[in-house]
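Right, one structure below, let's go through it.
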Amino acid sequence: MFLTKGAKPFQVAWFHFFCRLDFNGDTGIADAFADVESLFARCRFSDCRHDTEPGCAVKAALASGELSRERWTAYSRLKSELAREETARAESSHRYRK
Ligand SMILES: [Zn+2]
């Protein structure tokens, strides 16, 4: 989308909306899954991958029903989706530097 001199205010608004989506994707997730991310602080290890680690608060919350399996799956999927984007972006910027 190109912003010309005659751009309507709503076009500018949309432009900013997409910019925010693009650059603050991770912040958006933290907001939407604040309850999930607050569990991480309770994990025994700060670099916990919430997989097979002992003392994982996420696994405990899943076992007790405090956190639903669906919500955790949605969160993990979104995270890996973002990580893939991040990698793709890093690779393309690497190509640009060459
Ligand atoms: Zn954990």
Which of the residues spanning the range 48-70 are over 22 Å from the mean Cα position of the chain (by Cα) and at positive phi? GLY55, GLY65
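Do any helices (runs of 4 or more DSSP H) lying entirely in the chain carry at least 2 residues that are within 16 Å of the ligand (Cβ to nearest atom) and either of a type outside the set (D, E, K, R) or modelled with pLDDT of 95 or more (or both), and which ones are they?
Qualifying helices (runs of 4 or more DSSP H): 34-40, 57-64, 69-97.
The values are calculated or read from the model by the stated rules, or taken from the named source; none is laboratory data. Not measured: the values here are computed from a predicted model. Backbone-built Cβ (ideal geometry, glycine too); neighbour counts: all protein chains shown.
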